[in-house]
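One structure is given below, encoded as structure tokens.
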Amino acid sequence: MSLSEQARCFLASLLLGFILSLLYDLLRAVRLRRATKRRFTSALDLLYCAAFALLTFLFALRIGGGELRLYMLTGMLLGAVLWFLLLSPLLRPVWDFWAASLRETG
């Protein structure tokens, strides 16, 4: 695999880390809406883990040619860290407001 191909895979893994972190934050807002229901929270956690595993598997097949390399995992981790440090704090008040408004109407 050429260096440019590895760089492309790394950038794609950064994007996957962003996407998985966005999904986690969205499910967090839904969990906050039903914070008292443990079964619902467990089901959402299971859903996230299944989505994480499936997307990582498909990513390794499609982008990595069937191999999940260490730099891809590092890119996913770095994408998640960047999401939680840069974008999540900006969007969290919006999602908290959304969860609170759903709690009041539902």
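Here the label points at PHE97 and ALA50, each 7 Å from Cα along the C-beta direction, are separated by 3.3 nm in the simple model.
Peptides 73-81, 52-60 ranked from most to least packed, by the mean per-residue count of other Cβ atoms within 10 Å: 73-81, 52-60. Seen against the Cα atoms of the chain and their longest principal axis, helix 3-33 is set at about 10 degrees. Between ARG39, ARG31, ARG92, which gets the highest mean-square fluctuation from a Gaussian network model of the chain, Cα cutoff 10 Å? Maximum among the listed residues: ARG39.
Treating r as the C-beta distance of ARG38 and PHE84 and R0 as 25 Å, the FRET efficiency rounds to 0.50. Averaged over its residues, the chain has an accessible area of 67 Å² per residue, based on protein heavy atoms and a 1.4 Å probe. When the square roots of the Cα gyration tensor eigenvalues are ordered a ≥ b ≥ c, the ratio a/c for region 19-94 is 1.5 or more and a/b does not exceed b/c, which makes its shape oblate.
Using helices alone, I'd like the mean residue ellipticity at 222 nm for the chain: each DSSP H run of four-plus residues gives -39500 (n - 2.57), total over residue count, nearest 500.
Numbers: 4 runs with 87 residues, N = 106.
About -28500 deg cm²/dmol.
With θ taken as phi - 60° and the Karplus curve 6.51 cos²θ - 1.76 cosθ + 1.60 applied, the whole-hertz 3J(HN,Hα) list for region 53-68 is 5, 5, 5, 5, 5, 5, 4, 5, 5, 7, 8, x, x, x, 10, 9 Hz, x standing for glycine and proline.
The values are calculated or read from the model by the stated rules, or taken from the named source; none is laboratory data. Please read these numbers as outputs of a predicted model, since none were measured by experiment. Cβ coordinates were reconstructed from backbone atoms using ideal geometry, including for glycine residues, and neighbour counts include every protein chain displayed. Side chains are part of the model used for accessible areas, which takes the heavy atoms of the whole protein and leaves out ligands, DNA and RNA. Shrake-Rupley method; radii C 1.70, N 1.55, O 1.52, S 1.80 Å.
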